1. Might you let me know whether region 323-339 holds any residue that is in contact with a strand residue (DSSP E or B) (Cβ under 8 Å, 6 or more places away or on another chain), of a type in the set (Ser, Thr, Tyr) and in contact (Cβ under 8 Å) with a residue 40 or more places away in the chain?
2. Sort through Phe88, Phe99 and tell me the only one that's in a strand (DSSP E or B) and open to solvent by 10 Å² or more (accessible area, probe 1.4 Å).
3. If you take the residues of region 129-146 that are out of contact with any strand residue (DSSP E or B) (no Cβ under 9 Å at 6 or more places or on another chain) and of a type in the set (S, T, N, Q), which of them is surrounded by the fewest Cβ atoms within 10 Å (Cβ to Cβ)?
4. Quick check on region 147-170: of everything there that is in contact with a strand residue (DSSP E or B) (Cβ under 7 Å, 6 or more places away or on another chain) and part of a loop (DSSP other than H, G, I, E, B), which residue is surrounded by the fewest Cβ atoms within 10 Å (Cβ to Cβ)?
5. Only one residue in His372, His352 is out of contact with any Leu (no Cβ under 7 Å at 6 or more places or on another chain), under 20 Å from Ile189 (Cα atoms) and either without any contact (Cβ under 8 Å) to a residue 12 or more places away in the chain or not aliphatic (A, V, I, L, M) (or both). Which one?
6. Out of all the residues in region 6-15, is one or more of a type in the set (A, V, I, L, M, F, W, C) and without any contact (Cβ under 8 Å) to a residue 40 or more places away in the chain?
7. So, of the residues in region 56-67 that are touching a Lys or Arg at 6+ places or on another chain (Cβ under 9 Å) and not hydrophobic (A, V, I, L, M, F, W, C), which turns out to be surrounded by the most Cβ atoms within 10 Å (Cβ to Cβ)?
Amino acid sequence: MNPTVTHPDTSFDVPRVRADFPILATKVHGKPLVYLDNAATSQKPQCVIDAIDDYYRSTNANIHRGVHYLAEKATEAYEGARAKMARFLGADHAHEIIFTRGTTESINLVAQSFGRSTLKPGDEVLITWLEHHSNIVPWQMVCEQTGATLMVVPINDRGELDMNAFESLLTERTKIVAVNHISNALGTINPIKRIIDRAHQAGAVVLIDGAQAAPHLKIDVRALGCDFYALSGHKMYGPTGIGILWGREALLEKMPPYQGGGDMIASVTFQKTVYNNLPYKFEAGTPHICGGIALGVAADYLAAIDYTAMNAHEHALTEYGTQQLSQIEGLRLIGTAAEKVSVLSFTLEGIHPYDMAPVLDREGVAVRTGHHCAQPVMDRFHIPATVRASVAMYNTREDIDALIAALAKVRRMFAGL
């Protein structure tokens, strides 16, 4: 897979897409909703909403146990969703798909199962300065537990990985490389194919945090060649509380269970428990059945999208937003990578991001302010926080214009301009 997004076509039917998302017709403080907080969570198309409604109206039952009609119907739908997610990720087998609560739990699963059972003192885990806290803290925890050392690849002033530093930090001591596909704070698209290939040459296992990539890029784990890929359903137009860990079958088979309980066992006595087969040995307890089914519907929805046209549309919006924001006096864009997607992160001289958000909200503009669970990124740029506007396929140039107009009001209120 080529991680570079191409932009040859701009004929994306945005009105048709917007019609699929009923919440976009909402008025906020009497003004049309301008939803630019998609990196935090995306809105949901009607088909996903319908799937959730239909599940509780016509299917609700526990899975994998009962033999009555509803239990078998729910099991079939849930396992059907697993197969859909395998196709969405280009996986070889549906049993390589582990349902989790989201990317965070997926990374914790790998850290505590694979990492804790294989790392030892002297080993190193290599992450980057661009990571979300969910791809930092689990590795800090497992390093503390095993005596391994956490190493960090720095970034440059554009918010791109220093690949020379990556090469120098990658040694025979590196056992795990964990890196995001796209930065949630800056939108940087990392050269993960190169990272994966080099990490494998060094003998390391590679986990990709795909939370921000799933709604924007076509993912093929076989073409990428990674060992683990984690994503969250709610970032890719699916429900909250459901996500995926894909792992190579050979690695998953060797890994011990992450949690104990129902469904992850084959048999239990007080003397010994025999664990279930893949993927169930990693899915203790009753899962988010409805969420899994609706995530499969979201994957179907995305699979029907013309990615080339969508990428071109999102790239054009990002370029337009960058151009418009750059004309505002005192505005500093944070993250100007050559390869980036959908995120416009910025500060405005003399005005704290937290003070801007309520004014933007009164204009109907929803953005995120804060450190975006990426405090090391903020530290790198010597700032406490940014305003982050993040676009999705249903956003328009008019949404960007509304943001720019609202920022003008912010400046008038706080700077007297």
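1. Scanning region 323-339, I find no residue that is in contact with a strand residue (DSSP E or B) (Cβ under 8 Å, 6 or more places away or on another chain), of a type in the set (Ser, Thr, Tyr) and in contact (Cβ under 8 Å) with a residue 40 or more places away in the chain, so the answer is no.
2. That would be Phe99, the only listed residue that is in a strand (DSSP E or B) and open to solvent by 10 Å² or more (accessible area, probe 1.4 Å).
3. It comes out as Gln145.
4. Among them, the one singled out is Asp162.
5. The unique qualifying residue is His372.
6. Kept after step one, since they are of a type in the set (A, V, I, L, M, F, W, C), are these residues of region 6-15: 12, 14.
This time we only want the ones that are without any contact (Cβ under 8 Å) to a residue 40 or more places away in the chain, so: none.
Within region 6-15, not a single residue is of a type in the set (A, V, I, L, M, F, W, C) and without any contact (Cβ under 8 Å) to a residue 40 or more places away in the chain.
7. Taking the candidates together, the pick is Thr59.
Condition check ((1) in a helix (DSSP H, G or I); (2) open to solvent by 30 Å² or more (accessible area, probe 1.4 Å); (3) touching a Pro at 6+ places or on another chain (Cβ under 9 Å)) across all residues:
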site	(1), (2), (3)
Met378	yes, no, yes
Pro384	no, yes, yes
Ala389	no, no, no
Ala406	yes, no, no
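The values are calculated or read from the model by the stated rules, or taken from the named source; none is laboratory data. Everything numeric here is computed off the predicted structure, so don't read it as measured data. For neighbour counting, all protein chains shown are included, and Cβ atoms are generated from backbone atoms with ideal geometry for every residue, glycine included. Accessible surface is based on the protein model in full, side chains and every heavy atom, while ligands, DNA and RNA are left aside. Shrake-Rupley method; radii C 1.70, N 1.55, O 1.52, S 1.80 Å.
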